[in-house]
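Notes follow the structure.
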Amino acid sequence: MSIHTSRNICILSLLTLLFTSSQAAAQDLAFETQEKGSISDANGETASSDSTPQDDADSSALSDNASRSAGTDISYSGENTEDSGISSPHETAETNHLPETAQIDASQSTDSSAPSEHALTPEEEAELMAALQTDAQSVENAAPQSNNSIVNAIQSMNPDMAVIADFALAWFSDDNPLQTGAHDPKIIGFNLQQLEMSLAASVDHVFSFNANLVFGQAGVELEEAVITTQGLPAGLQVRAGQFLSRVGRINNTHPHSWDFVDQPFAIGKFYGSEGNRGLGVEISWLTPLPWYVEIAGAAQMPTSNASNRSFLGNDGKVEGAQDFLYTLTAKQFFSLSDEVGLFWGLSYQTAPNTTGRDTRSHIYATDLYLKYSPSSYPEMFLSFQAEAFFRQRQVPRDNLFDAVGYAQIVWQINRHWATGLRGEYGSGLAKDMLDPEWTDDRYRTTAQVTWYPSHFSRLRAQGSIDMPKWQKDPVYALFLALEITAGTHPAHSY
């Protein structure tokens, strides 16, 4: 007997046993309920008036599963498959298999009245079970699996993703508005400040990963791509990649966490339109002192006018470790009471500049953040934030000194409304090669009102008066800005 012939006989035998089992179940139910029923004759036709719809469904499902497992399309003569609840195996793309207990019950369910030629021999039963197991294994192997290690790694990360869009309608009283930030509104009319895509994931128990891509009308820019360690001993943490340095306070943040539409001009004057950033590595240590003290040191590339204009900028080249931008910061937090917290930072940076051989620039900075949040009004807070930067640049046979800074007050009135006031200052130098037009002091005052429909959107109206002393007239500006966040992004820093 060939394998195919034997398998067909086994399948036919199993179906006959299942069919006669349903007959026997219908007979037992009829006797137990003492109701009249009719039993089909020897040709296999049956109609039971005492079987419940659930019994019919169970019997039909079992027969249908058996036919699907065997891969055989069975037509039932004299029955309407639509009415009986039986579906052809070709009506579904998913293959169902008999549970192990059902297979055992089906193989052991025999009827003494069944013809002897349909009884399964042990050899035929073993062959049937092997065929069913082979079919089940082939279906499991057919499940799509990717052998691409890169694709599997990306899928396993399952990063949190957010898209943040910032738009602004702007008006200026001057054709040269002196905006220094890359994401500031700069022209009269509609401005796309940025479209930022934020990705964040915990890679494993050792590393996490964050990336920020910025889409603008000029193209796509990689703002940050940072690998951060997790769970290092002794309060240590390492960051590596391209990241914003932690000098001061606002430099290490993105526009969606700013309290005002535009960047303080202190950042643009000392570092560039993108803020201070670069490829490098940072090591930080959370000290065991009784109050929060974190000390961090970083080494980064000091090139690019957009983020390192006080140092090598676009014209310099790194020739050794002595040419890196080194940043040292100390951050402290003091809980003054249950309602008042104080955050204070100190920063120092040094790197070569391009004015001469072995000439360097040094930047000293301090930042302060004070927040009052009354316990009786949990949705309200009042914050004061200030930063000051002092720069020393070595040039041939001279040293140049200048300073910039800002201070702001923000009142979060309730969940939906906030307002703020900011004042800025920047000193000027005669014959400054970086800012030849910035020859005197500059002041700017800004006020804003913000409406938050939810945590994921805000609409802001802002007005400012810019008073550069080297110009005859001040520059007035009005902004109406809309920000939308779709997705999940990390919580803002305190």
Next on the checklist: Based on alpha-carbon centroids, what's the gap between the range 293-368 and the range 168-190 in Å, whole number please?
Outcome noted: 28
Next on the checklist: Charges at C-beta only: +1 for Lys and Arg, -1 for Asp and Glu. How large is the resulting dipole of the range 161-487 about its Cα centre, in Debye rounded to 20?
Outcome noted: 340
Item to check | Estimated FRET transfer efficiency when R0 is 56 angstrom, pair Met161-Thr121 (beta carbons, to 0.05) | outcome: 0.40
Checklist entry - Suppose R0 equals 35 Å; then what is the FRET efficiency for Gln133 and Ser454 from their Cβ-Cβ distance, rounded to the nearest 0.05? => result 0.05
Checklist entry - Hey, how many Å between the Cα centroid of the range 424-494 and the Cα centroid of the range 208-247? => result 25
Next on the checklist: If I model a spin label as a point 7 Å beyond the Cα along the Cα-Cβ vector, how far apart are those points for Asn414 and Ile188 in nm?
Outcome noted: 3.9
Checklist entry - Toward the positive end of the charge dipole of the range 161-487, about the Cα centre and with charges on Cβ (Lys, Arg +1; Asp, Glu -1), which of Tyr292, His183, Val206 goes farthest? => result Tyr292
Item to check | Sequence-separation-based contact order of the range 216-319, relative, with Cα cut under 8 Å and 6+ spacing, percent | outcome: 22
Checklist entry - Between Leu232 and Tyr348, how many nm apart are label points set 7 Å from Cα along the C-beta direction? => result 2.1
Checklist entry - What percent do you get for the relative contact order of the range 422-494 when only Cα pairs under 8 Å and 6+ apart count? => result 24
Checklist entry - If each residue's Cβ is checked for other Cβ atoms within 10 Å, how do Ser273, Ser347 rank with the fewest at the top? => result Ser273, Ser347
Checklist entry - By how many nm would the segment from Ala461 to Glu221 lengthen if fully extended, with 0.36 nm per residue of separation less the alpha-carbon distance? => result 83.6 nm
Next on the checklist: Need one number: nm distance between label points at Phe384 and Leu478, each 7 Å from Cα along Cα→Cβ, rounded to one decimal.
Outcome noted: 3.2
Item to check | Contour excess over end-to-end distance, with Cα ends at Leu421 and Leu169 and 0.36 nm allotted per residue | outcome: 88.7 nm
Item to check | Relative contact order for the range 373-418, counting Cα pairs under 8 Å that sit 6 or more residues apart, in percent | outcome: 41
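Every number in this text was worked out from the coordinates using simple rules, so none of it is lab data. Note that the structure is predicted; figures quoted are calculated from it, not measured. So basically every Cβ, Gly included, is an ideal-geometry build from the backbone, and we count neighbours across all protein chains shown.
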